[in-house]
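Note sheet for the following structure.
Any read-out appearing in this document is the output of simple, stated calculations on the displayed coordinates, not a laboratory observation. Just so it is clear, the structure is predicted and the values come from calculations on it, not from any experiment. So basically every Cβ, Gly included, is an ideal-geometry build from the backbone, and we count neighbours across all protein chains shown.
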Amino acid sequence: MSRILLVDDDDDLRSVFREKLEYSGHEVEEADSAEVALAKIGAFDPALVVTDVRMDGLTGLELLTRIRESMEYVDVIVMTGHDTMTSAVEAMKSGAFDYLVKPVGLKELEAVIDRCLSDQEVNRAAMEQRAADGEEPDAAEPDTGARTVVGRNPRMIEIYKMIGVLSRNRATVLVRGDTGTGKELVARAVHDHSIHSDEPFIAVNCTALTDTLLESELFGHVRGAFTGAVSGKKGYFELAGKGTIFLDEIGDTSPDFQSKLLRVLQERQFYPVGGEQPKTTEARVVAATHQPMEELVSEGGFRQDLYFRLRVVEIHVPTLRERKDDIPLLAQHLLGRIRHETEATVRAISQEAMTSLQEYDWPGNVRELENALTRAAIVARGPLVGPEHLTLGFRTAAKVSPKVSGPVPEDDWTLDGAIECQIRRVLEKTEGNKTEAASLLGISRSRLTRFVEHLGLPH
């Protein structure tokens, strides 16, 4: 079997992983820091290093970089309990085999290790064959990075890993997802983490332009090409250089435009409107759509050959209801941006408001969440967003809260019973709005909250 080096400052975790891997027949060595790992790695000569990210001294990502610089044959699997998009993307860009989010199950880790070692065998055989054929190995490409989208849901982690992989090539990308899921943010992340991130990123909404205008914007035009064309104009494909053209809602384009775009992807050439001489382009195309493309193709609404050209790499962005575990992180991130843009005074979201956000289904996805938080930040006029400040659908979050029900028993003559009865009546009158209820009761909102918790009422 293979030699594996475990790097983690958690002694118990290393012990559990070591026992499992040794039982599977691997030879295992441990290190409680990146520095110790670097001291051991030369003598131990592992095929694989499994490392945590956050440790005292050098981080796991710094260890990964050191290994990649001097020991290209050693694969690295990165684990972290504090995952961010940046660490995921940087790990994959730096050459990590995979990126796992703690807690990592034994079966999950073993499956990734088995896949890694299997790939090593395939690559080793391929390299031996290439050496026998007299071929030189490929030179590594440089890469850069920048931060964009937010989320820790496993489906988002997979997107981050794919962005990292795409940073090393120029493949055409098709981003799919419902309206408002953040497809353009993903497209920007693909560009920002590419080797040509210093070149332009040009976004084009295909539904906002007629065919003629769309062609003129993308391909440019010569003087006199149409009425009003008093001078020539460069198109986006020329202006983008080696950057990225983002074609949003590509599924809504006409067959005629699709034919011209296909030529660009096939031949890397285009004709300006009214022009007779072709021009070349090196821009990467990232397209996006919310349309069911397979249905469009089968019904003749979209060219099959173009569809296959666009989906060299396909990224599916999940709906917000499919990753509700990301809502607290997303909400705080968006609130910070909103505060900056609107100069609002809000600093945080109450637990009640956060619960309302997580219980709502968000048909408008992240865009709807951002709009709801923008309104809340404007109307809150204070440091805290409460449920009464949130409009979810057509109602405030306070109004969609569970109705306080259940009468107090008639034979309950205690003071608590009387207080509970009155609080229930007032909360029903205000439809669960605690701010209004506290005002009617003549007490502070925080005191009302303590009463609700003490009496075990829904909140």
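How big is the gap, in Å, between the Cα center of region 12-29 and the Cα center of region 158-196? With region 12-29 and region 158-196 each reduced to a Cα centre, they are spaced 36 Å. Bridges between two residues of region 215-363, per DSSP, are antiparallel at a rate of about 40%.
With contacts taken as Cα pairs under 8 Å and at least 6 residues apart, the chain reaches a relative contact order of 10 percent.
Among DSSP beta bridges whose residues both lie in the chain, state the antiparallel percentage, nearest 5. Mind showing how you got there, number by number?
Details: 6 of 45 bridges.
The antiparallel proportion sits near 15 percent.
The peptide list 289-300, 361-372, put in order of mean Cβ contacts within 10 Å with the highest first, becomes 361-372, 289-300. With the cut-off at under 20 Å, measuring from each backbone N in region 153-172 to a point 7 Å along the Cα-to-Cβ line of LEU185 picks out 153-167. Candidate cross-link partners of LYS429 among the lysines, defined by an alpha-carbon separation under 26 Å and a same-chain spacing of 8 or more, comprise LYS399, LYS403.
Given the -39500 (n - 2.57) contribution per DSSP H run of 4+ residues, what per-residue ellipticity at 222 nm results for the chain, rounded to the nearest 500 deg cm²/dmol?
So the calculated ellipticity at 222 nm is -14000 deg cm²/dmol.
Loop-located GluC sites (Glu not before Pro) in region 13-72 (DSSP state other than H, G, I, E, B) with a sparse environment of at most 11 neighbouring Cβ atoms within 10 Å: GLU72. The amide H of ALA203, built 1.01 Å from its N in the peptide plane, has PHE246 as neighbours under 5 Å, considering only residues 5 or more places off or on other chains. Taking Lys and Arg as +1 and Asp and Glu as -1, the other residues whose beta-carbon sits under 13 Å from that of GLY235 total +1. Exposed loop sites are taken as chymotrypsin sites (Phe, Trp or Tyr not before Pro) in a DSSP loop (any state but H, G, I, E or B) with at most 15 other beta carbon atoms within 10 Å; the longest stretch of the chain without one runs 227-393. Going down the list LYS233/LYS279; LYS107/LYS161; LYS183/LYS234, which pairs span over 18 Å between their C-alpha atoms? The pairs that break the limit, which is 18 Å between Cα atoms, are LYS107/LYS161; LYS183/LYS234.
Give me D for region 213-367 in µm² s⁻¹, whole number, from Stokes-Einstein with Rh from the Kirkwood sum over alpha-carbon pairs, 37 °C and 0.692 mPa s. Result for D is 173 µm²/s. The overall shape of region 3-132 is rounded: from the C-alpha gyration tensor, with semi-axes ordered a ≥ b ≥ c, the ratio a/c is less than 1.5. Once both labels are positioned 7 Å from their Cα atoms along Cα-to-Cβ, the gap between LEU384 and ASP361 label points is 3.1 nm. Given axes a ≥ b ≥ c from the Cα gyration tensor, I'd like to know whether the chain is rounded (a/c under 1.5), prolate (a/b larger than b/c) or oblate. Oblate.
Sequentially through region 426-442, phi angles give Karplus couplings (6.51, -1.76, 1.60; θ = phi - 60°) of 5, 5, 5, 5, 8, 6, x, 7, 5, 5, 5, 4, 4, 5, 5, 7, x Hz, Gly and Pro residues having no value and appearing as x. Give me the aspartates and glutamates in straight-line cross-link reach of LYS324: C-alpha distance below 12 Å, same-chain residues under 8 apart excluded. Reachable aspartates and glutamates: GLU359, ASP361. Among the listed pairs LYS20/LYS102; LYS102/LYS434; LYS20/LYS93, a Cα-Cα separation exceeding 27 Å is found for LYS102/LYS434; LYS20/LYS93. What ³J(HN,Hα) values, in whole Hz, does the Karplus curve 6.51 cos²θ - 1.76 cosθ + 1.60 give for region 301-316 when θ = phi - 60°, with x put for Gly and Pro? Per residue, the Karplus-derived 3J(HN,Hα) values read x, 8, 5, 5, 5, 5, 4, 5, 5, 6, 9, 4, 10, 10, 10, 9 Hz.
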